[in-house]
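Okay, so here's the structure we're looking at.
Please treat every number below as a calculation from the coordinates, not as lab data. Keep in mind the model is a prediction, meaning the values are calculated, not measured. In this analysis, Cβ positions are derived from the backbone assuming ideal geometry, glycine residues included, and neighbour counts consider all displayed protein chains.
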Amino acid sequence: MSRFYFDHNATTPVAPEVIEAASEALRSGFGNASSIHAEGQNARQLLERARRQIASYIGVSAAEIVFTSGGTESNNLAILGLMRNMHGPGKHVITTAIEHPSVLESCRQLESEGTAVTYLPVGSNGAVVPEEVGRHIRPETVLVSVMHANNETGIVQPVAEIAAFVRQARESGQEIYFHSDGVQSLSKIPVNVITLGVDLYSMSAHKINAPKGIGALYVRKEVPVRGIRLGGRHERERRAGTENVPGAVAFGRAIELASAEPIRYKVAQLCDRFEQRVLDGTRGVQINGAPAFRLPNTSNLYFPDIDGEALVIALDLKGFAVSSGAACSSGSVEPSHVLLAMGRPRQEARQCVRFSLGRYNTEEQVDALADAVAASVRQLHTSNRKRRFEQHA
Ligand SMILES: Cc1ncc(COP(=O)(O)O)c(C=O)c1O
């Protein structure tokens, strides 16, 4: 049976070009980038080239990119690495209810250490209201962390508008920084962190056709982030540990690929086509977050009376990989905190499925997926009816 992959917000297949670049780096770039001999210097050159590729893609200088092990570590480093370096009592942080657990847990850790944290709600369209951020900034606020795009719904947050409120506070003399988790937005929509107005921006390679275990954090020059791991003075003292050179090379190559062959237009067309076919073919389906601005590849759909997990399993048996929530929380019976924050009752939040498209999807695959969704929903309705009938018999 052929398999078709529609879970790109969880992770992506590694591009052949990226495998080639990483294999070459594993063979020839094995040196320790801190060593002064030729092998070490070769590794250093590869690492710095990758750093320049990532920096130039998001419009910053190479010295402002810190390599990490992925999005989770980038978010931990941005939040804890900044806050542990900011002194004085009574600090306050603003974030939102729909962040990735790596942001939410970092904030909970800060709370346990005495920092006040405000978790802003979102509207039913999944978007943060910039004015609400502005309204909650107080003299003790030192950090605002709002994700660029949500992993579950694909809703793109008004980051530049929020940055304007942070800038306003800074211009009146306050020491305040703005972090955004860009793990899902990188390459799916254009990203220029200067235009966005953020001070810290998290990225992860495995969401853009590179391997897992490598990511990066943009840290604007003047932002006082200090490493949170103990050890050597790597990455300008911001991340201890021998650098993952093949990983960085892979990330750099994936960025190069994303820049040379952007897929967002193709993917947007495929995603629209898929949604239209599902809406036409199955009664009562709703798009979570519509009509807010969404990532071009993400479709999070509500299927009334259909258990999301059951639909994911039915589709898996037919050869399609999709997801009923964030990959990190799969296996848990808790409904998505993002959908709950958008006002979906618990029961309905369990009746949602996320479809996320990527580089290698085709029109034929999308049509086959839409047909499989319609067929699976029909089957599940039939078995629901049968079960109800048996219960009352
Ligand atoms: C929005 C967001 N932030 C952070 C992460 C964590 O990234 P990583 O898997 O590289 O640790 C993810 C992964 O799903 C994500 O979607």
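What the table shows:
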{"item": "Peptide ranges 231-237, 121-127 listed from the most packed, as the mean C-beta count within 10 angstrom indicates", "result": "121-127, 231-237"}
{"item": "For the stretch 125-214, Kirkwood radius (reciprocal of mean inverse C-alpha pair distance, Å)", "result": "13.7"}
{"item": "Built amide H within the under 5 Å cut-off of Asp7, gap 5+", "result": "Ser356"}
{"item": "Residues Asp307, Asp280, sorted so that the one with the fewest Cβ neighbours within 10 Å comes first", "result": "Asp280, Asp307"}
{"item": "Acute angle (nearest 10 degrees) that the helix 16-28 long axis makes with the longest principal axis of the chain, alpha-carbon atoms", "result": "40"}
{"item": "The stretch 16-260: equivalent-ellipsoid semi-axes (sqrt of 5 x gyration tensor eigenvalues, Cα, Å)", "result": "32, 20, 15"}
{"item": "Nonlocal amide H pairs with Leu120, under 5 Å, H built at 1.01 Å", "result": "Thr95, Thr96, Ala97"}
{"item": "Computed helical MRE - 222 nm, the chain, DSSP H runs ≥ 4 contributing -39500 (n - 2.57), nearest 500", "result": "-13500 deg cm²/dmol"}
{"item": "Shape call, the stretch 129-181: gyration tensor on alpha carbons, a/c limit 1.5", "result": "prolate"}
{"item": "Antiparallel bridge percentage (DSSP; both residues within the chain; nearest 5)", "result": "50"}
{"item": "Amide H contacts of Gly215 (H built 1.01 Å from N, under 5 Å, at least 5 apart or other chain)", "result": "Thr68, Ser69, Gly70, Ala205"}
{"item": "Folded to 0 to 90 degrees: helix 264-281 orientation relative to the chain principal axis, Cα", "result": "20"}
{"item": "Ranked list, fewest to most other Cβ atoms within 10 Å of each Cβ, for His8, His337", "result": "His337, His8"}
